[in-house]
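Read the structure below first, then the notes.
The values are calculated or read from the model by the stated rules, or taken from the named source; none is laboratory data. Since this is a predicted model, take the numbers as computed values, not measurements. Ideal geometry is used to build each Cβ from the backbone, glycine not excepted, and the neighbour counts take in all protein chains shown. Areas reflect the complete protein model, heavy atoms only, side chains present, ligands, DNA and RNA absent. Shrake-Rupley method; radii C 1.70, N 1.55, O 1.52, S 1.80 Å.
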Amino acid sequence: MQVGIYLFDEVEVLDFAGPFEVFSTAARLAQRDGLEPPFEVHTLGPSLAPVRARAGLLVTPQHSTSEHPPLDVLIVPGGVVAAELQRPALSDWLVVQSCHVKVLASICTGAFLLEQAGLLNEREAITHWEDIDDLRQAAQASGSLVQVLVNQRWVEAKPWVHHGGVCRLFSSAGISAGIDLSLHLVAELASPELARRTARQMDYDWRAA
């Protein structure tokens, strides 16, 4: 499965690095066993220019949103998303991807980007605890009927049904919760055993939901 992780200026480092580590570690462990790696991970950006993540970390995307491999899974991290909410055509790109991917997941404040694209309307969602009220206000301002949850690491919402099939929608709480969600996705898309081994390899104290 082709996994894409969207990068942008002021993206939270662990929001994207956590899922990147989970899916790439799962692929490496499967390959170590002589199996076909279940995931190939790609980083995507608005262009191929380096993005400046939180605290100034420079990261160069492998692909742009205008030219990238067909994706099965798209991860939308958070961070400071104010500029991304103003980026022309980002919402359209997310909607187009939702019609092709099998799984679309937000980490932390990445939920704001899915909300603006209309993908969370009449669905449950979660974000960083500091941003719960802001997400509710954003949904109210846009007329979107989002049920914002609290005190959960991640949530699977009602799927996004389109003419081409079904896209499963997930969101996670802040920062490290993206690792929990990513491990859950490995368990569902590959196997629970591979997810457990991935968490062990990462020395991550994971409790499967």
From the option list Val95, Val41, single residue qualifying as in contact (Cβ under 8 Å) with a residue 24 or more places away in the chain and in a strand (DSSP E or B) is Val41
Of the conditions (1) assigned to a strand (DSSP E or B); (2) in contact with an Asp or Glu (Cβ under 6 Å, 6 or more places away or on another chain), the single one that Cys167 does not satisfy is (2)
In the set Val161, Val155, the lone residue that is assigned to a strand (DSSP E or B) and modelled with pLDDT under 95 is Val161
Condition met for Leu14 (open to solvent by 50 Å² or more (accessible area, probe 1.4 Å) and not in a loop (DSSP other than H, G, I, E, B)): yes
Gln62 fails exactly one of (1) closer than 22 Å to Arg168 by Cα; (2) open to solvent by 30 Å² or more (accessible area, probe 1.4 Å), namely (1)
- Has the range 191-199 got any residue that is in a loop (DSSP other than H, G, I, E, B), closer than 27 Å to Ala27 by Cβ and either in contact (Cβ under 8 Å) with a residue 40 or more places away in the chain or open to solvent by 80 Å² or more (accessible area, probe 1.4 Å) (or both)? no
Residues in the range 110-131 that are of a type in the set (D, E, K, R), more than 16 Å from Leu181 (Cβ to Cβ) and open to solvent by 40 Å² or more (accessible area, probe 1.4 Å) total 2
Conditions (1) over 22 Å from Phe16 (Cβ atoms); (2) in contact with a helix residue (DSSP H, G or I) (Cβ under 8 Å, 6 or more places away or on another chain) -> Lys158 fails only (2)
Those residues of the range 132-141 which are farther than 12 Å from Leu119 by Cβ and either touching a residue at least 24 places away in the same chain (Cβ under 8 Å) or surrounded by fewer than 14 Cβ atoms within 10 Å (Cβ to Cβ) (or both) amount to Asp133, Leu135, Gln137, Ala138, Gln140, Ala141
From the option list Ala30, Ala53, Ala17, Ala26, single residue qualifying as in contact with a Ser or Thr (Cβ under 7 Å, 6 or more places away or on another chain) and within 19 Å of Ile179 (Cα to Cα) is Ala26
